[in-house]
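Participant: This structure is in C-alpha cells; I'll ask about it shortly.
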Amino acid sequence: MDILPLPDGVESHWLVPDLGGPDFDNQGFLGYDERQGWNVDALFRGKITAARKDWENYYTSVSQEDGRFVRMSSTQEVILLCAGSFLQTWIFYGIWQEALSRPVSRQEGSVEGPGANAARHNLSASNRYVTAGALFREFMARRDELNNNLKWADQFDRCLQEAKWILQKLDRNSDKATMQFLPLSVCLALSTLVETLDRYRRLWLDDTEDVLANSQISVPCQLLERKLISEDGWCPSIVHRVGSRLGLEGLYFASLLPSLKDGFDHENCTTRFACVASNVDVGNYQTRHVSEHCDCKRHGCDHMQPECACQHQAMPNSDLVAAFENEQFPLVGFQGEKINIIPFKPGLRYVAISHVWSDGRGNPRQNSLPMCQLRSIQHYVTALTTNQGSPFWIDTLCVPVEEPLRHLAILRMAKVYSSASQVLVLSEELLSHNLPSSPDQVLFSIFCCKWMLRLWTMQEATLAEDLRFQFADTIVPYTPREHVLTVMASDAAGLVSQLLGLYAAISIDQAKLSLQTVKHEKYPFLTFLTTLQFRSTSRPMDVTVCASILLGSGLSAVLEAQDDVKMQTFWANQEKLPASVLWMLGPRLKVDGFRWAPSDLLHPGTRLLTPSEDYPPAHPTPEGLLVNGIDAILLKDLPVPTVEKTHLRFRLPNSSQRYIVFKDQDHDKWVDMTSFWNGNCVLFLAEHPTRRSEAFAALTMPMVDLSNKECREDERHPVSARYLAGLIVCTEEYWYERLMPQGTNDFYQAKSFLNSKGMDFVDIQESMLVKTSRRWCIF
C-alpha cells in the first residue's frame, strides 16, 4: 500500500502481510500458474481439488518450510492459505518483475514488521509485510529506459490485463467464504498495484485521452466496499461514487479520512441511486445554531423560546416585496446586528451563498435565520471580500416562502448567481477542517463533500463566474480545470497523489457545466443529464426547475404547473431532443402523447445510455414524439407475455443471427398491456448489438398494420405508435456467454434454466425491417 498517498494526519498505511509460500521463479508473469502446477480456471470455479493434481505432495513441501500449515485446524484453512500465498506471489512479484524487467526477490518486496496481528491470524510468514515503495521509485526513475522498449511495453500490457482478469475473478467470488483466498489488505494491495501501474503505463504512452476517459475503476474490491458499508457505516452510493470515479486508490484514500463517516442514516441508500441521507423533511426541519457565534449558553435550549439570547432575525416583509420590483431581487445587508434589505442594482458587488440545507442553514417556514448563523455567514463574506459591510444573498432569506413571490425569485435565480461577484460554498465537511497541505487532497475533499451530491448546488456552481470554497481556516478558488491542465503538462504525474487529484479534478469540472458550451451543443439536454449522476434533491420535481433554468426553456410554465404535471410540462417545452431519449431505461410517464418520456431524470436508468450527438433529432408534440432516421424492426404475431421475466428471441430476414430481448424491470408490466395488445410490435434499436455487447431498444405498438406493404412504404404521414417499454437486446451467443450460467451453450439448456427461475421464453416466428426513412409519432 506504500505506493499510495496518505491524507494529512494519517501516519501509516494498512499493513499487508506476506503470505509466504514458494518464492517467485522469475521466469515471467505469464505461465507462472502452470509452471507451479496450478489450474486457476478450476480454482476460480470453486473446484478446489482440481486446482492441483498433487495436493498431498504440495502440502508436505510447503509445510516443511512454513510452520503455519502444521498449526492449521482444518483442511479448508490449509487450502485457502496455499491458494492465497500462490496468488499473492504470482501477482505481486510477477508484475514487479515485468514492470522492472529484472528479477525481484522476496527480500526486496517485503520487510520485517510488527508480528502480533499477523501471528494471531496465522497470516504472515516470519512476520514479514510486503512493501512496494522502493520498487515503485525505481519504476518511475527508469521511465525513459522502459518506455523506449516497445517489446517491454507490449509484454507489460499483456501481463497487466491478465492480472486484472485474475483479480476480477477473485472479486466475483469474494462473498463465498470457501473462496476467500486473500484477506482484504492483500486483495486491496494487489488491485491498487495493478491499477496504478496500468495508469502510468498509459500516461507514459502519452495516451492522455485514454487515461482521462478510463478514470473509472478497472479492478473492483468488494471486500473493501462491504467493510466500508457494513462495518464503518458508509453510504453505499458514496462508496460506489468514489470507487467508480477515483478508482481503488481513491476509495482506499477515502477510507483513511474520518470526516467521510458522516453519521447520517444511510439505511435507504443504495449503490444504484444517489445518496438520500441529506434529503430534508420540511415538516420536521430545524435550523441549526453555530456555537462559536451563539449568545445562548443555556444547556439544552432549542433556541425557539422567547427568552433565548440567540433569536431569529427575519427579512422585513414589505422591503422584501419591494426588492422584487423592476426585475430586481433582494440582497442581505447585516451590520450592527441588524438585517436590512438591499435591492440589487447592476454593478453592485455581492456574494451569493451556496449551501446544503441538511447542514442547517435553511428555514422552510419563514425568511429568517438565528443571529449566530447571520454572524457566521457575514464572517465568511467579510473574509472573502475584505469589506465589513459586503451584502450577500442566501436562498433561506431571499427566496420568499409564499407564492407568487417564490416563483418570481426562482425565475430570477439564474441572474442571482451569474451576477454575483463570488459564489461562496459553505459545506460542513470542508468547514470542519483546515485546508489540506496538498492541492490534490484539497480537490479530493471537495469531490467528497455533500455539496457535490445535491441537485440545486449543481446549477449554482454552473452559473457562478467566480466560485470559492470555504475551509475552516481559509478560502480557495475553484481550480479543477487548471489543475488538470497543470498535471497533464507535467512530467506524467510523478506521484500517485497527483493522479488522485487529477481524477477528482476531472469529476468536479465535469459537474460544473459551461453554459456557453451547452448553448452551442446540438443537444444541450444530454450535457445536463450527464451531470445528474449521484445527485439528489428533497423534492423530486425540483429537477424540472433546475433543468429549465440551465437549459433556458420553459421555466415559467414548469413553475406554474402542479407537481404531478411538471415533468410533462418540462418535456413539452423542449424544442428538440436526441432520439436516444427513446432508449433510456427507467420509468416513463403514463400520459398519452408522453409515454415515451422519462418520468424521473434522477433515475439511474435514465442516464444509462452514453450521450452522443450522432442520434437523429426528435421533436415533442402534444400528439407524441416526432422522429425518423432510426432502425426499426417489425415483430409479427407476438402474443402478450404472461410471465413478467419473459425473454423474446427473433431472427432478422435472410440472416442466421438470432437475438435475445428482455424488458427493463422499471417499465410497465406485460399484464398491464393486455387490454390494448394487437400482436404486432416495432422494435426501435439504438444500434445493432455485436457478439461482445448489448444494445438498448424501445418496444412500441403501431396503430396501423405495417405488415401491409402499401402501409409500410407510405411515408407521407408519420405512423402513430404507442410506447410500451425499454428493452435490452443482445446476440444469442453473447447471452449464453455473459448472462447464462457458465457452460450453457444450447438453447434448450438456456430455456430450461429460465423455466427453473420462474421465467419464460417466447420465439417470434416472423420479423421484417422497416425503412429508416419512415416517420413516427410515438405517444
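Participant: Cβ under 13 Å from T544's Cβ, T544 left aside: what net charge do those residues give with Lys, Arg +1 and Asp, Glu -1?
Facilitator: Local net charge: -3.
Participant: Run the dipole for region 291-516 about the Cα centre, Lys and Arg Cβ at +1, Asp and Glu Cβ at -1, nothing else charged, and hand back the magnitude in debye, nearest 20.
Facilitator: Value, rounded to 20: 220 debye.
Participant: Cα centroid distance between region 429-475 and region 409-424, in Å?
Facilitator: 18 Å
Participant: Quick check: from the Cα gyration tensor, does region 533-591 come out rounded (a/c under 1.5), prolate or oblate?
Facilitator: Rounded is the answer for region 533-591, as its axis ratio a/c remains below 1.5.
Participant: Could I ask something else about it? How many nm separate the modelled label positions at R481 and T75, each set 7 Å beyond the Cα in the direction of the Cβ?
Facilitator: 6.5 nm
Participant: Still on this structure: Place +1 on the Cβ of every Lys and Arg and -1 on the Cβ of every Asp and Glu in the chain, take the dipole about the Cα centre, and give the residue among F156, L585, L256 whose Cα lies farthest towards its positive end.
Facilitator: L585
Participant: Now for a separate question. Give the peptides 403-416, 764-777 in descending order of average Cβ contacts within 10 Å, highest first.
Facilitator: Packing order, densest peptide first, comes out as 403-416, 764-777.
Participant: Okay, moving on. Report the one residue of A409, L348, P364 whose Cα lies farthest in the direction of the positive end of the charge dipole of region 327-417 (charges on C-beta: Lys and Arg +1, Asp and Glu -1; origin at the Cα centre).
Facilitator: The residue sitting most towards the positive pole is L348.
Participant: Now a separate question. About the Cα centre, and with charges only on the beta carbon of Lys, Arg (+1) and Asp, Glu (-1), how big is the dipole of the chain? Nearest 20 debye, please.
Facilitator: The dipole magnitude comes to about 740 debye.
Participant: Kindly provide the helix-only [θ] at 222 nm of the chain, computed as the sum of -39,500 (n - 2.57) over DSSP H runs of four or more divided by all residues, to the nearest 500 deg cm²/dmol?
Facilitator: Computed ellipticity for the chain at 222 nm equals -10000 deg cm²/dmol.
Participant: Farthest toward the dipole's positive end in region 627-778, which of L727, V671, V640, given Cβ charges of +1 (Lys, Arg) and -1 (Asp, Glu) about the Cα centre?
Facilitator: L727
Participant: How about region 502-593: which GluC sites (Glu not before Pro) there lie in a loop by DSSP and see at most 16 other Cβ atoms within 10 Å?
Facilitator: E521, E575
Participant: Order of 545-557, 236-248 by packing, highest average Cβ count within 10 Å first?
Facilitator: Going by the mean number of other Cβ atoms within 10 Å, highest first, we get 236-248, 545-557.
Participant: Next question. Under the definition of Cα pairs under 8 Å and six or more residues apart, what whole-number percent is the relative contact order of region 361-461?
Facilitator: Relative contact order, region 361-461: 20 percent.
Participant: Provide the packing ranking of 591-604, 351-364, i.e. peptides ordered by the mean count of other C-beta atoms within 10 Å per residue, highest first.
Facilitator: Ranking, from highest mean packing down: 351-364, 591-604.
Participant: Next question, about the same structure. Per 0.36 nm of contour for each residue apart, how much would the distance between N39 and S655 grow if the chain were fully extended, relative to their Cα-Cα spacing?
Facilitator: 217.8 nm
Participant: Right, another one. Quick one: compute a quarter of the convex hull surface over the Cα atoms of region 627-778 and quote it in nm².
Facilitator: One quarter of the hull surface, i.e. the mean projection, equals 8.9 nm².
Participant: Report the label-to-label distance for E337 and A134 in nanometres (one decimal), using points 7 Å from each Cα along the Cα→Cβ vector.
Facilitator: About 6.6 nm separates the two model spin labels.
Participant: Place a +1 charge on the Cβ of each Lys and Arg in region 627-778 and a -1 charge on the Cβ of each Asp and Glu, then give the dipole magnitude about the Cα centre in debye, rounded to the nearest 20.
Facilitator: For this selection, approximately 120 debye.
Participant: While we're on this one: Where does the charge balance sit around F136 when Lys and Arg score +1, Asp and Glu -1, over other residues with C-beta under 15 Å from its C-beta?
Facilitator: Net charge in that neighbourhood comes out at -1.
Participant: Could you state the number of Å between the C-alpha centres of region 686-703 and region 535-554?
Facilitator: First find each Cα centre; the distance between them is then 30 Å.
Participant: How high is the relative contact order of the chain? Use alpha-carbon pairs under 8 Å, at least six apart in sequence, and give a whole percent.
Facilitator: 8 percent
Participant: Between beta-carbons, use under 11 Å as the cut-off and find the net charge around Q765, counting Lys and Arg +1, Asp and Glu -1.
Facilitator: Overall, the nearby charge balance is 0.
Participant: On a 27 Å Cα-Cα criterion, which of the cross-link pairs K636/K669; K415/K590; K53/K151 come out too long?
Facilitator: As for pairs spanning more than 27 Å Cα to Cα, those are K415/K590; K53/K151.
Here, each number is a calculation from the coordinates, and none is a lab measurement. Here the structure is a predicted model, which means the values were calculated and not measured. Here Cβ is always computed from backbone atoms with ideal geometry, including for glycine, and neighbour counts include all displayed protein chains.
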